[in-house]
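The values are calculated or read from the model by the stated rules, or taken from the named source; none is laboratory data. Nothing here was measured: the structure is a model prediction, and the numbers come from that model. Don't worry about glycine lacking a Cβ; one is built from the backbone with ideal geometry, like all the others, and counts go over all protein chains shown. Each accessible area value is taken on the protein alone, full model and side chains, heavy atoms only, with ligands, DNA and RNA left out. Shrake-Rupley method; radii C 1.70, N 1.55, O 1.52, S 1.80 Å.
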Amino acid sequence: MDEHAEIATPKEAADNALILAFGRLQGAANRLEYILGRALETECGISHLMFEVLLILGRAGSPGLSMRAIAQEQVLTTGGATRLVDRMETAGLVERVDDPGDRRGRLVCLTPLGQETTVAASRVHRENIRRYFLAPLPAEDRDRFADNLRTLSHAARDMLPRLP
């Protein structure tokens, strides 16, 4: 891949190897998000974003996470996180509880239904990841590909500003 190929025309821009590679990454991510997200909605009744929040809360464990921490993890505004958590609370997946470390604070944690949904949705999601994400790749490249994605994800995360 020629990282320094000159771009002087629209055709050269469209055919640039770096631009094409990133476009393919973005296209694959968008298509997989659609396929895997639809499966979660159809089979589990939750959006992919809700599933991600369930995973974040499952990873955090007790006593839960603040709305700000959820927003930061999902790259949402605090208002967007609040609206999402409101919908999840209405669905019985999460609840808000007092923060034991801050009398004025509230934390979000999984309900028993949220825990069950996390496990069931994870099983569905894992199988669909195998089918649509891993199966098309040569078996000998899968671990390295996953490591490279982790590196890219962490590098991009570290470039984002932290919420105040």
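Assorted remarks:
- Of the helices (runs of 4 or more DSSP H) lying entirely inside region 7-120, those containing at least 2 residues that are aromatic (Phe, Trp, Tyr) and open to solvent by 60 Å² or more (accessible area, probe 1.4 Å) span 17-44.
- Residue match in region 84-96 (condition: closer than 26 Å to SER153 by Cβ and in contact with a Lys or Arg (Cβ under 7 Å, 6 or more places away or on another chain)): no
- Residue that is least open to solvent (accessible area, probe 1.4 Å) [pool: residues in region 139-164 that are of a type in the set (A, V, I, L, M, F, W, C) and in contact (Cβ under 8 Å) with a residue 24 or more places away in the chain]: LEU163
- Whether a residue is under 26 Å from ASN148 (Cα atoms) and either part of a helix (DSSP H, G or I) or not β-branched (Val, Ile, Thr) (or both) was assessed, and ASP2 passes this test.
- Test result for ARG130, out of contact with any Gly (no Cβ under 6 Å at 6 or more places or on another chain) and either open to solvent by less than 80 Å² (accessible area, probe 1.4 Å) or in a helix (DSSP H, G or I) (or both): yes
- Region 106-120, residues that are in contact with a helix residue (DSSP H, G or I) (Cβ under 7 Å, 6 or more places away or on another chain) and over 14 Å from GLU43 (Cα atoms): VAL108, CYS109, LEU110, GLY114
- Set side by side, the residues ALA14, ALA21, ALA28 differ, and just one is at pLDDT 95 or above, out of contact with any Phe, Trp or Tyr (no Cβ under 8 Å at 6 or more places or on another chain) and over 30 Å from GLU116 (Cβ atoms), which is ALA28.
- Checked against (1) farther than 19 Å from CYS44 by Cβ; (2) open to solvent by 80 Å² or more (accessible area, probe 1.4 Å), ARG123 passes all but a single condition, namely (1).
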